[in-house]
1. All but one of (1) free of Cβ contacts under 8 Å to residues at least 40 places away in the same chain; (2) closer than 19 Å to Met191 by Cβ hold for Lys121; which doesn't?
2. Take the residues in the stretch 160-175 that are surrounded by 18 or more Cβ atoms within 10 Å (Cβ to Cβ) and assigned to a helix (DSSP H, G or I), then tell me which one is farthest from ligand 2 (Cβ to nearest atom).
3. Determine whether the stretch 61-75 contains at least one residue that is under 21 Å from the mean Cα position of the chain (by Cα), among the aromatic types (Phe, Trp, Tyr) and outside any loop (DSSP other than H, G, I, E, B).
4. Return the total of residues in the stretch 198-242 being crowded, with 16+ Cβ neighbours inside 10 Å, under 15 Å from Pro37 (Cβ atoms) and of a type in the set (D, E, K, R).
5. Find the residue count for the stretch 43-60, including only residues that are over 27 Å from Leu169 (Cα atoms) and buried (at least 19 other Cβ atoms within 10 Å of the Cβ).
6. List pairs: first in the stretch 178-189 and of a type in the set (Val, Ile, Thr), second assigned to a helix (DSSP H, G or I), Cβ under 7 Å, 6+ apart or cross-chain?
7. Sort through Ile74, Ile61, Ile55 and tell me the only one that's more than 16 Å from ligand 2 (Cβ to nearest atom), hydrophobic (A, V, I, L, M, F, W, C), more than 19 Å from Met211 (Cβ to Cβ) and touching a strand residue (DSSP E or B) at 6+ places or on another chain (Cβ under 7 Å).
8. Would you check if there is a residue in the stretch 135-145 being assigned to a helix (DSSP H, G or I), in contact (Cβ under 8 Å) with a residue 40 or more places away in the chain and crowded, with 21+ Cβ neighbours inside 10 Å?
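The numbers here are math on the coordinates, done by the rules we state, and not lab data. Bear in mind the structure is a predicted one, so any value in this text is a computation, not a measurement. Reconstructed Cβ throughout: ideal geometry from the backbone, glycine too, with neighbour counts over all protein chains shown.
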Amino acid sequence: MDKIKVTGLKKSFGSNHVLKGIDLEVKEGEVVCVIGPSGSGKSTFLRCINRLEEITAGTVIVDDYNINDKQTDINKVRENIGMVFQHFNLFPHMSVIKNIMLAPTELKKSSPAEARNIALKLLDRVGLADKADALPNQLSGGQKQRVAIARALAMNPDVMLFDEPTSALDPEMVGEVLGVMNSLAKEGMTMMIVTHEMGFAREVADRVIFMDGGYVVEEGTPEEVFGNPQHERTISFLEKVL
Ligand code: ADP
Ligand code: MG
C-alpha cells in the first residue's frame with residue numbers, strides 16, 4: 001500500500017520554479033532517502049508533503065487523504081506525519097518531557113498522566129530516560145535532536161519526515177541520532193529522509209532519490225544509485241560528496 005503518493009508536484013515561489021513536476025510513491029514501511037545539491041528543492045519537497053507549503057500544481061496523497069483538498073482536515077493528517085528539522089525547534093522554556101507531552105495533551109486530548117507515560121517510554125527509546133526534567137539548553141545537539149525525534153513520535157505518527165536531521169550537529173553526535181533513525185527504520189516506520197550522510201543512506205534506505213534543479217533526476221536502490229549511477233548529474237554530485 002502507498003503511504004505517500006505524489007503526482008506532478010510543482011511548487012513555485014513567485015517566478016522561482018522550485019519543484020518542476022515530481023512523482024513519487026512511498027510504500028508502507030519504506031525508507032526513502034533524498035539526496036541532492038543545496039537549492040535543488042529537497043526541503044520544499046518535504047514541506048509540501050505535510051502542507052507546510054501550499055503546492056502550485058499536482059497532488060499529494062498521504063494515507064489516502066488528498067492533503068490539498070479543502071475537505072481534508074489537514075491537522076488530522078499532520079497528526080500522522082512526524083517531522084524533524086535540522087534545527088530541533090524545541091520550546092526552550094519547557095522541560096524535555098513537557099516538550100514531548102505538549103502535542104499529545106493539546107491535540108489528542110491525552111490525559112497528562114497518559115502523555116507522561118508515553119513520553120517517558122519514548123525518552124527511554126532514544127536513550128534519554130535521565131533527561132526528562134532537563135531544559136533543552138542543558139542538552140547537547142545530539143540529545144536535543146533525539147528529544148525532537150521523541151516529540152515527533154509522541155503523536156504515534158505512521159510517517160516520519162526528516163530534513164537534514166544531523167546537519168547542524170558536531171560530528172561526534174551524528175552517530176547517536178542516525179542510530180535512533182536506524183532503529184525506527186528496522187521497526188517498520190515509513191520514512192523520508194533528506195540527508196547528506198551517504199553512508200547512512202546506503203545502509204538504511206530502501207530507495208534513494210537524487211534531486212537536482214527541481215526534478216527527481218534518478219532513483220533506485222542504494223546499490224543502483226551509489227554503485228552504478230546513470231545520470232551525469234548524479235555522477236558529478238556523488239564525486240563531490242563521496
Ligand atoms: P534544498 O533543501 O534542496 O537546499 P530548498 O527546498 O530549501 O532546497 O530551496 C529550493 C529553492 O527554493 C531555493 O532557491 C530557495 O531560495 C527557494 N525557497 C525555498 N523556500 C522558499 C520560500 N519560503 N520563499 C521563497 N523561496 C523559497
Ligand atoms: Mg534543505
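1. (2)
2. Checking each candidate, the answer is Met173.
3. Yes: the stretch 61-75 contains one or more residues that are under 21 Å from the mean Cα position of the chain (by Cα), among the aromatic types (Phe, Trp, Tyr) and outside any loop (DSSP other than H, G, I, E, B).
4. Going through the stretch 198-242 one residue at a time, the tally reaches 3.
5. Of the residues in the stretch 43-60, 2 are over 27 Å from Leu169 (Cα atoms) and buried (at least 19 other Cβ atoms within 10 Å of the Cβ).
6. Pairs found: Val180/Arg146; Val180/Ile149.
7. Within the list Ile74, Ile61, Ile55, the selection yields Ile61.
8. Yes: one or more hits.
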